[in-house]
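First up is the structure itself, then whatever we jot down about it.
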Amino acid sequence: MDDFVITTIYFDGQFWSALIEKKENGMLYTGRYIFGAEPSHPRLLNWMLYEFAGIPLFPAESPVRIRVKSLSSGRSSGSLCKSLDVFKAAQTAYFAQKKQERRRECREDRQSHWEAEQIKKKEKKRH
């Protein structure tokens, strides 16, 4: 089984969050959803049925699973931080790539607009 989705709901000290790791067609994606207050069972069910598919997922390098050593001690292994770091790095890389693409497209649009203006000026001078 190559494709999978792992959803981990945890309390990060301030908010309840969900970390989603999805592998589809050999590509790994991660996403994060913040619930705020502790979600109830009906809220979780509603989230899974209606909102889960709309969560933005970003490409990631490698899967890192969150494992909690014990619930009573309140301590988790370092993998939660690693997962969040992987998510943040993937998100930052994704946004940087999108920013470069937008800048390139804007540059190309300005260039084509400038060229069109130059053609108009030449046409005006000829007539």
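Tabulated values for the structure
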{"read-out": "ARG104 over 14 Å from ILE6 (Cα atoms) and either of a type outside the set (Ser, Thr, Tyr) or modelled with pLDDT of 90 or more (or both)", "value": "yes"}
{"read-out": "Some residue of region 75-92 being at pLDDT 85 or above and either among the hydroxyl-bearing types (Ser, Thr, Tyr) or surrounded by 10 or more Cβ atoms within 10 Å (Cβ to Cβ) (or both)", "value": "yes"}
{"read-out": "Positions within region 38-61 being touching a residue at least 12 places away in the same chain (Cβ under 8 Å), more than 21 Å from the chain's Cα centre (by Cα) and open to solvent by less than 80 Å² (accessible area, probe 1.4 Å), in sequence order", "value": "PRO39"}
{"read-out": "Residues located in region 1-25, provided they are among the small types (Gly, Ala, Ser) and open to solvent by less than 50 Å² (accessible area, probe 1.4 Å)", "value": "SER17, ALA18"}
{"read-out": "Meets criteria (at pLDDT 85 or above, of a type in the set (Val, Ile, Thr) and open to solvent by 70 Å² or more (accessible area, probe 1.4 Å)) for ILE119", "value": "yes"}
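The values are calculated or read from the model by the stated rules, or taken from the named source; none is laboratory data. Nothing here was measured: the structure is a model prediction, and the numbers come from that model. So basically every Cβ, Gly included, is an ideal-geometry build from the backbone, and we count neighbours across all protein chains shown. For accessibility, only protein heavy atoms count, side chains too; no ligands or nucleic acids. Shrake-Rupley method; radii C 1.70, N 1.55, O 1.52, S 1.80 Å.
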